[in-house]
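Let me begin by presenting the structure, written as structure tokens, before commenting on it.
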Amino acid sequence: MKILKSTLIATTLLMGISCKTSNNHKAQETGLRDAYKNSFHVGTALNRDDILQTDSLRSALIGKEFSSITAENIMKSMFMHPEKDVYQFDMSDKYVEFGEKNNMFIHGHTLIWHSQLAPWMRSISDSTEMAQAMESHIKTIVEKYKGRINSWDVVNEALNEDGTLRNSAFYKTIGSEYLAMAFKWAAETDPNTDLYYNDYNLTNKAKRAGAVKLVKDIQSKGIKIDGVGMQGHWHIDSPSIEEIEESILDYANLGVKVAITELDVSVLPNPWNLVGAEISQNFENNKKLNPYPEALPDSMQVKLAKRYSDIFKVFLKHQDKISRVTFWGTSDKESWLNDFPVRGRTNYPLLFDRELKPKAAYDSILALKK
Ligand code: XIL
């Protein structure tokens, strides 16, 4: 414990990071988007309120800090294509308009995903019917925003942890071929948008091998795939910087772009790692799992800033391979990690605090560009 404390103090001094949320923050001078403009896009995910611009201060902050956007939910099939013959483009129109108004790189998330999947599509059991549903889904949506959406997550989370293909509604009906088919249809519809495969835990060895194989399979068929999106749902202590670096290199070696998507760094214990813990509903009131309900202690604030600094150092080292780094939200207040994998916790994974003030983590990332 003593060692930990002195290490943290030393780290604080070394990095010149203030433990408090800085008031005279550099956010007023240069935003991240400008600071990183020669390296890669820095993006955020927009929720419904962001898209509707219900808070003008927040909209201005997003416009200043980020050069790219991803829709956190509204472009998922259950919202965008709720019935076979019904598409809902109201929110996505507004989302794209926001990006255009702010001169941003606009990402589409996501075309083919087993989760938040429109129920009508999930219930299909025939392979021809599923292929037709996928084809019209992909073609209609990509066509609608042709020339306006700069890159798409064509397929999201197709892999199991061991690198095999997930038994999704698409796999069950069509088999492994559905992946190449999805990329082909997207490429045919808009040849100028970048097409990504996106997944989490892509730093894990076995899953990484699976992702490499998946990309190679598509390439070997002569079908266009432009990038791998590594969801950065990471933790304060894992994955290691070495694992992150090795993974970036493995994907870049395939000749595709690497995007870090959905970046957030959880500071809370992972319930699945707690030895002897029973996974049950009373988790919600478990102090062990929700140790910072009021505020993040200074020591953890510093640790998070150091972690973000380490992560961004490796991104900068490989900036020639990285197209975009997108955070999964703007402030801690609305982060999905307050409710996942345990509901009702208080997490601190992002760059801006619950009052939208930049945290030490923000300063540490900006400082790398000073
Ligand atoms: C999450 C959203 O953040 C939540 O609001 C929603 O309830 C569930 O989905 N991988 C993805 C994202 O590709 O779309 C997920 O987003 C997080 C995991």
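The numbers here are math on the coordinates, done by the rules we state, and not lab data. A quick note: this is a predicted structure, and the numbers were derived from the prediction, not measured. When we count neighbours, we look across all protein chains shown, and the Cβ atoms used for this are built from the backbone with ideal geometry, even at glycine.
As a test, work out the antiparallel percent of DSSP beta bridges whose residues both lie in the chain, rounded to the nearest 5.
10
So which trypsin sites (Lys or Arg not before Pro) in region 286-321 end up in coil per DSSP with only 14 or fewer other C-beta atoms within 10 Å?
Loop-located and lightly packed - K287, K288.
So what J values fall out for region 172-186 if you push phi through Karplus, 6.51 cos²θ - 1.76 cosθ + 1.60 with θ = phi - 60°, rounded to Hz, Gly and Pro as x?
4, 8, 9, x, 4, 4, 4, 5, 4, 4, 4, 5, 4, 5, 5
For region 2-367, calculate the relative contact order in percent as a whole number, restricting contacts to Cα pairs under 8 Å that are 6 or more residues apart.
Relative contact order, region 2-367: 19 percent.
How high is the relative contact order of region 223-370, given as a whole-number percent (alpha carbon pairs under 8 Å, six or more residues apart)?
For region 223-370, the relative contact order is 28 percent.
Enumerate the amide H contacts of R324 below 5 Å, restricted to partners 5 or more residues apart or on another chain; note that Pro and chain-start residues carry no placed amide H.
When sequence neighbours closer than 5 places are left aside, the close amide H contacts are H41, I260.
With +1 assigned to the C-beta of every Lys and Arg and -1 to the C-beta of every Asp and Glu, and no other charges, what is the dipole magnitude of the chain about the Cα centre in debye, to the nearest 20?
The calculation lands at about 960 debye.
Counting only GluC sites (Glu not before Pro) that are in a DSSP loop and have at most 16 other C-beta atoms within 10 Å, tell me the longest site-free stretch of the chain.
That would be 30-160.
Convert each backbone phi in region 63-79 into a coupling constant with the Karplus relation 6.51 cos²θ - 1.76 cosθ + 1.60 (shift: θ = phi - 60°), then list the ³J(HN,Hα) values in order as whole Hz, x for Gly and Pro.
x, 7, 8, 10, 10, 8, 10, 10, 7, 5, 9, 5, 9, 6, 4, 5, 9
Hey, can you rank 110-120, 221-231 by average C-beta count inside 10 Å, highest first?
221-231, 110-120
Going by amide H atoms built from the backbone, whose H comes under 5 Å of the H on I236, apart from near neighbours?
Amide H neighbours of I236: S266.
Would you tally the net charge around F98, using a Cβ to Cβ cut-off of less than 15 Å, leaving F98 out, and scoring K and R as +1, D and E as -1?
So the surrounding residues net to -2.
Check K257: other-chain or 5+ apart residues with amide H under 5 Å from its amide H, H built from backbone geometry?
Residues meeting the criterion, in which the H sits 1.01 Å from N, are G227, V228.
Do the alpha carbons of any pairs in K207/K306; K94/K146; K321/K357; K213/K369; K257/K359; K76/K333 sit beyond 24 Å of each other, and which pairs?
K207/K306; K321/K357; K213/K369; K257/K359
Provide the gained length on full extension for the span L52 to E129, in nm with one decimal, where the gain is 0.36 nm per separating residue minus the Cα-Cα distance.
Extra length available between L52 and E129 comes to 24.2 nm.
Determine ³J(HN,Hα), in whole Hz, for all residues of region 38-50 in sequence, where each value follows from phi through the Karplus function 6.51 cos²θ - 1.76 cosθ + 1.60 and θ = phi - 60°; x replaces Gly and Pro.
The phi angles translate into 8, 10, 6, 5, 10, x, 9, 9, 9, 8, 4, 5, 4 Hz.
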